[in-house]
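Chemist: Can you read through this structure? Questions will come right after.
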Amino acid sequence: MAKQSGRFTLRIRTQFQFRASDRTLNRILGAIANQHINITGYNQMKKGSINAVTLVVGPPNMASPSADAAVRQILRGLHVMFRERSVIRISNIPAGIPGINHSIYQALFRKVRVNAMYDGEENATFVQTSNNREAIQILREI
């Protein structure tokens, strides 16, 4: 369910985090694409020869339990250890306004731990926090 703030639409989504070699990551992304699953949020960082990947799947504006289940199956089938977390998708962010990420981070970091922030489709930002319920209350007031 979407929660409307003064400016933003806030949704809880499922985030997958895993580590994989280039070859394994290529297989994962290929399997996701072959099942016609959209990746709506994606972040990848390489350390040495291993990729640390964070992704959110399904349509941009709604959770997709079937897409989440398919990704779980893909990762398990490739013997990739992964972690699932709930994240907040912030949408309806006005484009072209300098400082919007600063405003979001500044509002959150004093009251909850911000573990990650990354961009997604349709000018959305995903935020992983230590307390999503409290973070949503804070974001409603921006």
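The values are calculated or read from the model by the stated rules, or taken from the named source; none is laboratory data. All values reported here derive from a predicted model rather than from experimental measurement. Using ideal geometry, Cβ is built from the backbone for each residue, glycine included, and neighbour counts are taken over all protein chains shown.
Chemist: When residues of the stretch 86-100 are filtered for being surrounded by 13 or more Cβ atoms within 10 Å (Cβ to Cβ) and over 14 Å from residue 13 (Cβ atoms), how many remain?
Modeler: Looking only at that region, the number is 3.
Chemist: Can you tell me which residue is farthest from residue 96 (Cα to Cα) among those in the stretch 108-142 that are of a type in the set (Ser, Thr, Tyr) and surrounded by 18 or more Cβ atoms within 10 Å (Cβ to Cβ)?
Modeler: Among residues in the stretch 108-142 that are of a type in the set (Ser, Thr, Tyr) and surrounded by 18 or more Cβ atoms within 10 Å (Cβ to Cβ), the one farthest from residue 96 (Cα to Cα) is 129.
Chemist: Can you find a residue in the stretch 36-59 that is basic (Lys, Arg) and either at pLDDT below 95 or within 27 Å of residue 25 (Cβ to Cβ) (or both)?
Modeler: Among the residues of the stretch 36-59, at least one is basic (Lys, Arg) and either at pLDDT below 95 or within 27 Å of residue 25 (Cβ to Cβ) (or both), which makes the answer yes.
Chemist: Related question: Give the residue, chosen from 140, 113, 83, that is of a type outside the set (Ser, Thr, Tyr), touching a strand residue (DSSP E or B) at 6+ places or on another chain (Cβ under 8 Å) and modelled with pLDDT under 95.
Modeler: Numbers: 113 fails: modelled with pLDDT under 95; 83 fails: modelled with pLDDT under 95.
The conditions single out 140.
Chemist: Now, a different point. Quickly run through the stretch 7-37 and pick out the residues that are among the polar types (S, T, N, Q) and without any contact (Cβ under 8 Å) to a residue 60 or more places away in the chain.
Modeler: 21, 24, 26, 34, 35
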